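Heads up, the thing below is written out as structure tokens.
The values are calculated or read from the model by the stated rules, or taken from the named source; none is laboratory data. Please read these numbers as outputs of a predicted model, since none were measured by experiment. Neighbour counts are summed over all protein chains in view; Cβ atoms, including those assigned to glycine, are modelled from backbone coordinates with ideal geometry. What goes into the accessible areas is simple: the full protein's heavy atoms, side chains included, and nothing from ligands, DNA or RNA. Shrake-Rupley method; radii C 1.70, N 1.55, O 1.52, S 1.80 Å.
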Amino acid sequence: MRLYKMELYKLCHKKIFFLCVLCTFSLILVLFILNLQAKTSAINGICYRGYAAVKADREITAQFHGTLTDERIQEIANQYGFPQKVEKYYGPTDSNFLNRFVMKYASDGYLYGWDDYKIATKTIPLAETQLGQTAANAQKELLLEYYDGWNEFLKLNMIGMILASILVLCTVSTAFCAENQAHTKPLVFTTKEGPTKDALAKIAASFTLTVLLWLTISLFLLLLYGTVYGWDGLNCLTGLVIDGSISQYWKLTLLPCKLYLAATVSLNFLALLELCAITLYISARSRSSFQSVSMAAVCWAMPLCAFFILSGLYHTLPSCGLAYSVLLVLSIVLSLIHCMVYGMPIYLINTNIIWELSVMDNRTEILPFFIAIMFACVFCALCLLGAYRKYRKTADK
């Protein structure tokens, strides 16, 4: 335990680390406030902005919360009407969450943009709408809860995970190579703990720091959005909250949003753990902190290049005149490699990673997801084993 505490202290005792952490949370908070200030709502001729708009929308939605019915839709239309004014480059200026919802999903109007819209004049029974038919075919209950704002959680969460990844790269990369750079490794190996306990302490401290970064950023964001926008919207269907539509052929859109967000946050956790393992492996094979940080950053960004190469091959192979059987084998191999690329840290923190994996297999939507996760776990274990063996090998020389 003494060695573990010492290694953890060595990783995060510098003032620059705490300054970077403070800047990370400050940036997240500033971006959250900017998004919040952009919210507007018009209720009975009174316009609200910022948090006041969110609060007002939550209050009027609470009166109709629960299962969505034709009666509630008609009551909303009677009480708040339909948006009538659409401002250029901006959108509706006399709308609130409820009448926007009714106009989009249960009326004869639509609003695709400030220059592509039709003012609604009447409501349509749910059984005749695409939303109602899809939910009925999938045997899913439609809930009316205030969910506005939660779609922005994923974007801000991705920014937070990118910043956390940078902190992991810069901090964990010194775990092993610091001893080489300071020429203190022979001295460390002569202590009573020995190289085995020293290596395990470095690994444990690095993973502790990584978990703490993920946990604090994730909880900070969840508390921000839950406190301001409320938690009730997470019970709505993922398609409504994230993408604005649902499809019976796309099972992911029919899941409760809380499950989708839980899966996203879990993938972020796996991404940071994998990045930590990769960085430890590179650190164990590096002679200086600069070399370790540089190589870890290159390895972190390398899957982006692999993705572009795979995309080029997908478009090039069909025009090569190859036999169908050959193309089939190549497509399977490329799809497998594609799933592995999606299993790398820089893609696991991507906002749309779950959507992209589900698109690869419309029938099950599970297999690409499973392959990416398994690859990430195996690759993480191999990197850890490689780092440990490299450190021990150096000790045995």
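Points to keep in mind about this one:
- When restricted to residues that are at pLDDT below 80, touching a strand residue (DSSP E or B) at 6+ places or on another chain (Cβ under 6 Å) and either over 19 Å from ILE43 (Cβ atoms) or among the charged types (D, E, K, R) (or both), segment 75-116 contains 2.
- Counting only residues that are open to solvent by less than 70 Å² (accessible area, probe 1.4 Å) and assigned to a strand (DSSP E or B), segment 90-148 holds 9 of them.
- Within the option set ALA164, ALA178, being modelled with pLDDT under 90 and hydrophobic (A, V, I, L, M, F, W, C) holds for one residue only, ALA178.
- Every pair of residues 6+ apart whose Cβ atoms lie under 9 Å, when the first sits in segment 112-132 and is in contact (Cβ under 8 Å) with a residue 12 or more places away in the chain and at negative phi while the second is in a strand (DSSP E or B) and surrounded by fewer than 12 Cβ atoms within 10 Å (Cβ to Cβ): TRP114/GLU87
- Selection from segment 290-343 of residues that are more than 26 Å from the chain's Cα centre (by Cα) and outside any helix (DSSP H, G or I): CYS320, GLY321, LEU322, ALA323
- Flag for LEU68 being in contact with a Leu (Cβ under 7 Å, 6 or more places away or on another chain), more than 30 Å from ILE217 (Cβ to Cβ) and of a type outside the set (Lys, Arg): yes
- Matching residues, segment 39-63, being touching a strand residue (DSSP E or B) at 6+ places or on another chain (Cβ under 9 Å), under 14 Å from SER95 (Cβ atoms) and surrounded by fewer than 15 Cβ atoms within 10 Å (Cβ to Cβ): CYS47, ARG49
- Boolean, CYS276 is open to solvent by 40 Å² or more (accessible area, probe 1.4 Å) and either in contact with a helix residue (DSSP H, G or I) (Cβ under 8 Å, 6 or more places away or on another chain) or not in a helix (DSSP H, G or I) (or both): no
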